[in-house]
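Reviewing the structure listed below.
The values are calculated or read from the model by the stated rules, or taken from the named source; none is laboratory data. Since this is a predicted model, take the numbers as computed values, not measurements. Every residue, glycine as well, gets a Cβ built from its backbone with ideal geometry; the counts of neighbours run over all protein chains shown.
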């Protein structure tokens, strides 16, 4: 109770909707950029961080920014394009941000994915510099450390340009010594979702690292969706269709949500019964959340 009394009231803002998955593409493989973009995934992340060895980072940075500069702005229904920079706590990350700020107009770049996010202040500074490439640019905060988990509520309040957050289990496990398994990290996932509850920021789950384990990926998606995750990141082209299907709204659930919201609004947003279900404000908000998810890009 004492901790709750000291926390500031969390403001709920309208955050841009992101798809249920993004496919990572290594930044040091410019030959794969166009293939990733045209492969059907609803979102693509060109990765300058973990996928790129230190010796290749300068070339990857140059290739990625040149490709983005030549890319026309996306039309409706086109994949969302993101760039994951290296950690801002490293020289390579600072060089990524400097190059991004001085790259000129990049209207096709929708998001910058920021690794090792640990506080809102750092994200605000990064956004101020990165937005030089595109005033409408948004950020995705990757929570990959114990400090980031502890500060998740603060991160979620960084600004309306925060499009999403995502859990980075591999780095978290490396820091804490936890096994990178669902059971070992179930508490951390729940803690993240608890901390950002009410913020309106969607949370994406970590990629499934076994690329040929379709059954395991489906199981992880089912668990993540049940917990309240918005989607899950992908590291291989065979993964994203499984993720999209797993996070699609169930038709019966969608029909239920439509019936609930319509009845509650007809009742003037007063408690009412819909069949055997008693509908009040929390039930109504849950139904609205289902409808919003259905309207989101997959």
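Observations on the model:
- Taken over the range 243-260, the criterion of being crowded, with 21+ Cβ neighbours inside 10 Å and without any contact (Cβ under 8 Å) to a residue 40 or more places away in the chain is satisfied by 257, 260.
- Residue in the range 52-66 that is in a loop (DSSP other than H, G, I, E, B) and either in the same structural domain as residue 152 (by TED's automatic domain parsing) or more than 16 Å from residue 30 (Cβ to Cβ) (or both) present: yes
- As a summary of the residue check, residue 208 satisfies the conditions (1) outside the structural domain of residue 79 (by TED's automatic domain parsing); (2) in contact with a helix residue (DSSP H, G or I) (Cβ under 9 Å, 6 or more places away or on another chain) except for the one numbered (1).
- Candidates 4, 51, filtered to the one that is under 24 Å from residue 102 (Cα atoms) and at pLDDT below 95: 51
- Verdict on residue 106 being at pLDDT below 95, within 24 Å of residue 64 (Cα to Cα), in contact with a helix residue (DSSP H, G or I) (Cβ under 8 Å, 6 or more places away or on another chain) and not in a strand (DSSP E or B): yes
- Counted residues, the range 262-298 - those being over 30 Å from residue 242 (Cα atoms) and assigned to a helix (DSSP H, G or I): 7
- Yes/no for residue 159 being under 18 Å from residue 20 (Cα atoms) and under 16 Å from the mean Cα position of the chain (by Cα): no
Listed here are the residues, each with its yes/no results for (1) modelled with pLDDT of 95 or more; (2) surrounded by fewer than 20 Cβ atoms within 10 Å (Cβ to Cβ).
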residue	(1), (2)
121	yes, yes
133	no, no
136	no, yes
139	yes, no
147	yes, yes
151	yes, yes
162	yes, no
203	yes, no
214	yes, yes
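- In the set (1) modelled with pLDDT of 95 or more; (2) farther than 18 Å from residue 240 by Cβ; (3) out of contact with any helix residue (DSSP H, G or I) (no Cβ under 6 Å at 6 or more places or on another chain), the condition left unmet by residue 35 is number (2).
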